[in-house]
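Structure first, then comments.
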Amino acid sequence: MVASQNGHVEVVDKLLQHGATVDLQKEDGWSSLMVASQNGHVEVVDKLLQHGATVDLQKEVHTLYVHTQC
C-alpha cells in the first residue's frame, strides 16, 4: 500500500511478482489502486491493472473512487 501511495513502481512490481494481494484493502476500504490513483501515480495504476486489480472496489463510503479519478 505504501509503495503504491508513494509511486514506487519497481517495488510494487516486485511485491506483485512475489504474490502480494493486488486488491488488498485497508480497514477503511482503500485499495492500492485507489491510493495510487489519488496520488497521480499512473505507472503504478497501470502495473496494478496489469496484475488484475479490480477497478470497482468500493470504499467505506460506497463510492467508486477510481472511476471518479479517471
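The values are calculated or read from the model by the stated rules, or taken from the named source; none is laboratory data. As the structure is a computational prediction, the values presented were derived from the model and not from experiment. Ideal geometry is used to build each Cβ from the backbone, glycine not excepted, and the neighbour counts take in all protein chains shown.
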Filtering region 30-70 down to residues that are charged (D, E, K, R) and over 20 Å from G19 (Cα atoms), which residue is modelled with the lowest pLDDT?
E60
Could you look through region 44-56, keep only residues that are free of Cβ contacts under 8 Å to residues at least 24 places away in the same chain and β-branched (V, I, T), and pick out the one that is surrounded by the fewest Cβ atoms within 10 Å (Cβ to Cβ)?
V55
Just need a number here: residues in region 1-41 that are within 17 Å of H51 (Cβ to Cβ), in contact (Cβ under 8 Å) with a residue 24 or more places away in the chain and charged (D, E, K, R).
2
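Table: residues versus (1) surrounded by fewer than 16 Cβ atoms within 10 Å (Cβ to Cβ); (2) among the β-branched types (V, I, T); (3) under 11 Å from the mean Cα position of the chain (by Cα).
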{"residue": "A3", "(1), (2), (3)": "no, no, yes"}
{"residue": "E10", "(1), (2), (3)": "yes, no, no"}
{"residue": "T21", "(1), (2), (3)": "yes, yes, yes"}
{"residue": "L24", "(1), (2), (3)": "yes, no, yes"}
{"residue": "W30", "(1), (2), (3)": "no, no, yes"}
{"residue": "L33", "(1), (2), (3)": "no, no, yes"}
{"residue": "V42", "(1), (2), (3)": "yes, yes, yes"}
